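Novice: Got a structure for you, questions after.
The values are calculated or read from the model by the stated rules, or taken from the named source; none is laboratory data. All values reported here derive from a predicted model rather than from experimental measurement. Glycine also receives a Cβ, built like all others from the backbone with ideal geometry; neighbour counts cover every protein chain displayed.
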């Protein structure tokens, strides 16, 4: 079961949702970034695997809405994952590492410093608004990653300055 499926299963367990509501919830809760197509695809897979079932709700003038519910098998799978999933280091891939490798990318790293500065500010504001919640903890995790990313960008800019002299 992939990370997105696990997140969707937990979200639906908290309260049954449509695919549209799941898309909004995943974005708002900062659990996993996924397009609505990915979310619908994974819900359909989990429906076929009997982890979810879809209740069809008629919509006038629109296609029927599917409201997803977690099955007993889905609840069992979540409990199994909670108790048996080992911590695994994620594979690290980042464009900035490739740009450092090819060298001479001062404009790229300057832009990175600007983009990351704005993102760090945005995350700090969101954390303040979400203080004391699980969302704040997830945002803080992302903030710390962005700060380390900014340190990497700045170190590359400083290295370029030293190399240019």
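Novice: Looking only at the range 48-79, count how many residues are surrounded by 12 or more Cβ atoms within 10 Å (Cβ to Cβ) and under 18 Å from residue 23 (Cα atoms).
Specialist: Number satisfying all stated conditions: 10.
Novice: Just to be sure before I move on: is residue 119 modelled with pLDDT of 95 or more, more than 18 Å from residue 16 (Cβ to Cβ) and either assigned by TED's automatic domain parsing to the domain that holds residue 7 or in contact with a helix residue (DSSP H, G or I) (Cβ under 8 Å, 6 or more places away or on another chain) (or both) in the structure I sent?
Specialist: On the way: modelled with pLDDT of 95 or more: yes; more than 18 Å from residue 16 (Cβ to Cβ): yes; either assigned by TED's automatic domain parsing to the domain that holds residue 7 or in contact with a helix residue (DSSP H, G or I) (Cβ under 8 Å, 6 or more places away or on another chain) (or both): yes.
Yes.
Novice: Output the number of residues of the range 80-103 satisfying the condition of being surrounded by 10 or more Cβ atoms within 10 Å (Cβ to Cβ) and without any contact (Cβ under 8 Å) to a residue 60 or more places away in the chain. Step through it out loud before you land on a result.
Specialist: From the range 80-103, those surrounded by 10 or more Cβ atoms within 10 Å (Cβ to Cβ) are 80-82, 85, 94, 96-100, 103; that's our starting set.
With the extra rule that they be without any contact (Cβ under 8 Å) to a residue 60 or more places away in the chain, the set shrinks to 80, 82, 85, 94, 97-100, 103.
Residues flagged as surrounded by 10 or more Cβ atoms within 10 Å (Cβ to Cβ) and without any contact (Cβ under 8 Å) to a residue 60 or more places away in the chain within the range 80-103 amount to 9.
Novice: What residue, of 74, 112, is in contact with a helix residue (DSSP H, G or I) (Cβ under 7 Å, 6 or more places away or on another chain), in contact (Cβ under 8 Å) with a residue 40 or more places away in the chain and assigned by TED's automatic domain parsing to the domain that holds residue 26?
Specialist: Numbers: 112 fails: assigned by TED's automatic domain parsing to the domain that holds residue 26.
74 is the lone residue from the list that is in contact with a helix residue (DSSP H, G or I) (Cβ under 7 Å, 6 or more places away or on another chain), in contact (Cβ under 8 Å) with a residue 40 or more places away in the chain and assigned by TED's automatic domain parsing to the domain that holds residue 26.
Novice: Another question about this same structure. Is it true that some residue in the range 27-47 is surrounded by 15 or more Cβ atoms within 10 Å (Cβ to Cβ), more than 21 Å from the chain's Cα centre (by Cα) and part of a strand (DSSP E or B)?
Specialist: no
Novice: Please indicate, with yes or no, whether at least one residue in the range 55-65 is touching a residue at least 40 places away in the same chain (Cβ under 8 Å), under 23 Å from residue 10 (Cβ atoms) and not in a helix (DSSP H, G or I). Break it down stepwise before answering.
Specialist: Pass one, the range 55-65, residues touching a residue at least 40 places away in the same chain (Cβ under 8 Å): 65.
Keeping just the survivors that are under 23 Å from residue 10 (Cβ atoms) gives 65.
Cutting the leftovers down to not in a helix (DSSP H, G or I) gives us 65.
So far as the range 55-65 goes, yes, one or more of its residues are touching a residue at least 40 places away in the same chain (Cβ under 8 Å), under 23 Å from residue 10 (Cβ atoms) and not in a helix (DSSP H, G or I).
Novice: Being out of contact with any strand residue (DSSP E or B) (no Cβ under 9 Å at 6 or more places or on another chain) and surrounded by fewer than 11 Cβ atoms within 10 Å (Cβ to Cβ) is the requirement here; does residue 107 meet it?
Specialist: Details: out of contact with any strand residue (DSSP E or B) (no Cβ under 9 Å at 6 or more places or on another chain): yes; surrounded by fewer than 11 Cβ atoms within 10 Å (Cβ to Cβ): yes.
Judged against the criteria, residue 107 is a match.
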